[in-house]
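Chemist: Let me begin by handing over the structure; questions about it come next.
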Amino acid sequence: MLPEMPAYVRAGSPGMAGHRARRIDLDLDRVNVTEAADLRRRRRRELAEVLVEHAQFILPMDRALIESIYRDGQTAQHVGALNAISPRAVRRRIRQLTERLLSPRFAYVLQHREQWPTIRRRIAVACALQGRTMRETSRHLRVSLHTVRKEMGIVDALLDAQSRQRA
């Protein structure tokens with residue numbers, strides 16, 4: 001039996017039907033993640049577009065939450081009322097998702113995943129893009145926890161090498 005989907009998922013998240021990827025010129029290195037996640041502040045349109053664009057790679061319930069806030073312009077109070085949870089919990093989850101979507105790790109995996117072996121790609125997508133824990137990824141992909149740790153260690157080392165090379 002599947003768990004009940006929150007109202008913001010049911011309420012009209014059309015998914016990616018007819019979605020066309022486009023390049024958005026926004027320097028993510030210069031974005032202040034704390035300010036981006038602060039729902040009390042006005043967000044730049046480009047930042048909201050990047051978040052909604054990146055949300056296509058995260059889990060459906062999280063995607064629906066990002067889309068309801070950043071694309072549809074709903075407030076945390078409204079989303080919380082639809083789901084019988086506090087606005088504070090909604091804001092906390094949005095902050096966590098925004099930090100992940102704007103992180104260098106997310107961008108690196110998004111950009112380089114096609115070049116990697118299948119198992120590394122699947123593990124990196126599950127951990128870095130979808131936000132699953134290593135243990136959840138291990139269960140979901142039916143691989144050992146050791147394999148997940150090893151592959152994510154490699155991804156982190158590659159990211160670190162690239163960031164040192166840029167500096």
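Chemist: With farther than 15 Å from Ile58 by Cα and either among the hydroxyl-bearing types (Ser, Thr, Tyr) or in contact with a strand residue (DSSP E or B) (Cβ under 7 Å, 6 or more places away or on another chain) (or both) as the only criterion, which of Thr98, Thr137, Thr147, Thr133 stands out?
Modeler: Going through Thr98, Thr137, Thr147, Thr133 in turn, the sole match is Thr147.
So that you can scan it fast, the table gives a plain yes or no per residue for (1) touching a Pro at 6+ places or on another chain (Cβ under 8 Å); (2) of a type in the set (S, T, N, Q); (3) surrounded by 13 or more Cβ atoms within 10 Å (Cβ to Cβ); (4) at pLDDT below 95:
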| position | (1), (2), (3), (4) |
| --- | --- |
| Ser68 | no, yes, yes, yes |
| Arg71 | no, no, yes, yes |
| Ile119 | no, no, yes, no |
| Cys127 | no, no, yes, no |
| Met134 | no, no, yes, no |
| His146 | no, no, no, no |
| Ala157 | no, no, no, no |
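The values are calculated or read from the model by the stated rules, or taken from the named source; none is laboratory data. Worth saying up front: this structure is predicted, and the values here are computed from it rather than measured. With ideal geometry, Cβ positions are generated from the backbone for all residues, glycine too; neighbour counts draw on all protein chains shown.
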